[in-house]
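What follows is a short report on a single structure.
Values in this text are rule-based calculations from the coordinates and carry no lab data. Bear in mind the structure is a predicted one, so any value in this text is a computation, not a measurement. Cβ coordinates were reconstructed from backbone atoms using ideal geometry, including for glycine residues, and neighbour counts include every protein chain displayed.
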Amino acid sequence: MSYPNGKLSEEKVFKDPVHRYIHVRDKLIWDLIGTPEFQRLRRIRQLGTTYLTFHGAEHSRFNHSLGVYEIIRRIIDDVFQERPEWDDNERLLTLCAALLHDLGHGPFSHAFEKVFHLDHEDFTRAIILGDTQINKILLKMGADFPKKVAEVIAKTYKNKLVVSLISSQIDADRMDYLQRDAYFTGVSYGHFDMERILRVMRPREDQVVFKKSGMHAVEDYIMSRYHMYWQVYFHPVSRSAEVILTKILHRAKQLFQEGYQFKTEPKHFYSLYKEDEKITVADYLKLDESIILFYFQAWMEEEDEVLSDLCNRFVHRNLFQYVEFNPHLQMQQWLELIQLFKKAGIDPDYYLVLDSSSDLPYDFYRPGEEEERLPIHLQMPNGELRELSRESEIVEAISGKRRTDHKLYFPQDFIEDLSSKKKVKEQILEILKKPY
Ligand code: CA
């Protein structure tokens, strides 16, 4: 494979707080980093609303994407080099897929995708294959090269070894974000011995396997992930901010569809709000977190009280309070609360929100099931492969066990202010206090 002036005349390095340095020697990679589509990732935070809980968590998808690229580069150039199972013709393809795997993320992606029924993976694909700078650069590698990059990211590429490096239960994506998110949030979970894991990785037919001698480093990685989910990713305060964000986007959409006259027209959202229109890649690329926050700031001044209140809450971090609440066990209380909120004049559609988070820390192979996951395999000294949870008691203890957390979010201040409706107020507080 060739790319005009394949290697840079001098290696470029990015200083990185997690991997110390990120090394770029290929002109192709350097040119991709310089495109507007990739630079946009600087304006999208890796952890969405988490910065409102952990103030250090301001790092971007740009940081993370470079990190995933660097991990893959080390695996290929240092660990896999000269191993007969690795085909070095796949090198640039794998590096491009690593660098570009998050390209299609939108602002506050989780909430954004939920409200507008979008999928960042579709946009990653559309940006790679569409009329973009990224596509022009990839095309120089060959007519079908962009398609191959998209296939690796979509996990449909024929060489499954390449796919498993980018997405599996222990891949470069997860190894980067766990360490990076731990670093920027400042928590003590999330750290594990990546150097050790990289040393024991081996390419084997259609997957990456790990030498048995590195099992404890792999266990440590699984436990880090487990802790990060519950301590950071599902933190109820970040979820509270996300609930408000979701409701702002819903409210603005509803107002737009009702013909409400905005003081600040949601121009960037037009094609998302119109039911019969599909957002173009060019318009999607104009969306980033700076734009979203601009609207939230402006909409604090809107006549519509719900929209302006929710925007005030988000911008000034006056978030919703929460209690444990399981809708399956507390259906009666849920229905009562809706009625009481209506009586109190607080719109339950915007101010009473159930939210559930769940995670499966590690799973062994269950063929044919939804969300099928490839298990982690250890390579025993005699060459035999064993699935990780059969060898590790620690991993076995959490394998296949989904944990779900249900919370109910509401504005405590509104309820406190119900002084003229004392009875309703007491009834609401009574239900919210009751543990299930
Ligand atoms: Ca990622």
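Phi angles across segment 410-418 convert, under the Karplus curve 6.51 cos²θ - 1.76 cosθ + 1.60 with θ = phi - 60°, into 3J(HN,Hα) values of 7, x, 4, 4, 4, 5, 4, 7, 7 Hz, Gly and Pro given as x.
Screening the chain for DSSP H helices whose Cα atoms reach 18 Å or more along their own axis and whose mean Kyte hydropathy is at least -0.5 gives 61-74, 215-228, 236-257, 331-344.
With the biggest extent put first, the Cα atoms of segment 297-396 measure 72, 38, 25 Å across the principal axes.
In straight-distance terms, cross-link reach from Lys148 covers every one of the aspartates and glutamates whose alpha-carbon lies under 13 Å from its own, apart from those fewer than eight places away in the same chain; here that gives Glu90.
Compared with the direct C-alpha span, the chain from Leu354 to Ala143 gains 71.2 nm at full extension, assuming 0.36 nm per residue. Per residue, the convex hull around the alpha carbon atoms of the chain comes to 162 Å³.
May I ask you to list the GluC sites (Glu not before Pro) in segment 377-436 that are in a DSSP loop and have at most 11 other Cβ atoms within 10 Å of their Cβ? The qualifying sites are Glu384. Coordinate range of the alpha-carbon atoms in segment 276-322 per principal axis, descending: 36, 22, 20 Å. Just so you know, the averaged projected area of the alpha carbon convex hull for segment 1-153 sits at 10.1 nm².
Each residue of segment 44-55 was assigned a 3J(HN,Hα) from its phi angle through the Karplus curve 6.51 cos²θ - 1.76 cosθ + 1.60 (θ = phi - 60°); the sequence is 10, 6, 5, 10, x, 7, 4, 5, 7, 9, 10, 5 Hz, with glycine and proline shown as x. Taking other Cβ atoms within 10 Å as a rough exposure proxy, Met141, Met331, Met175 sort from fewest to most as Met331, Met141, Met175.
Can you pull out the GluC sites (Glu not before Pro) in segment 1-88 whose DSSP state is coil and whose Cβ has at most 16 other Cβ atoms within 10 Å?
Qualifying residues, ordered by number: Glu58, Glu82, Glu85.
Over the chain, DSSP H runs of length four or greater, each weighted -39,500 (n - 2.57), average out per residue to a 222 nm ellipticity of -14000 deg cm²/dmol.
Rounded to the nearest 20 debye, the dipole size of the chain about its Cα centre is 460 debye, using +1 on the Cβ of Lys and Arg and -1 on the Cβ of Asp and Glu. As a rough footprinting exposure proxy, the listed residues Phe414, Phe296 were ranked by other beta carbons within 10 Å of their own, and the order from fewest upward is Phe414, Phe296.
Taking each of Lys160/Lys286; Lys247/Lys278; Lys263/Lys407; Lys211/Lys407; Lys15/Lys140 in turn, the alpha-carbon distance tops 30 angstrom for Lys160/Lys286; Lys263/Lys407; Lys211/Lys407. Straight-distance candidates among the aspartates and glutamates for linking to Lys425, with alpha-carbon spacing under 13 Å and chain neighbours fewer than 8 residues away dropped: Glu336, Asp413, Glu416, Asp417. Relative to its residue count, segment 1-64 spans a Cα convex hull of 94 Å³ per residue. Distance from the Cα centroid of segment 7-54 to that of segment 112-187 is 14 Å (rounded to whole angstrom). Loop-located chymotrypsin sites (Phe, Trp or Tyr not before Pro) in segment 1-74 (DSSP state not H, G, I, E or B) with no more than 12 neighbouring Cβ atoms inside 10 Å do not occur. Only lysines eight or more places from Lys12 in sequence, or on another chain, were considered; those with a Cα closer than 19 Å are Lys27.
Among Leu47, Leu129, which comes first, then next, by fewest other beta-carbon atoms within 10 Å?
Leu129, Leu47
Amide hydrogen proximity for Val209: with H placed 1.01 Å from N in the peptide plane, the residues at 5 or more positions away or on another chain lying under 5 Å are Arg202, Arg204.
In the calculated pair-distance distribution of segment 111-162, the portion above 17 angstrom amounts to 43 percent of the Cα-Cα pairs. Panel values: segment 239-286, Kirkwood radius from alpha carbon pairs, Stokes-Einstein at 4 °C and 1.567 mPa s, translational diffusion coefficient 109 µm²/s.
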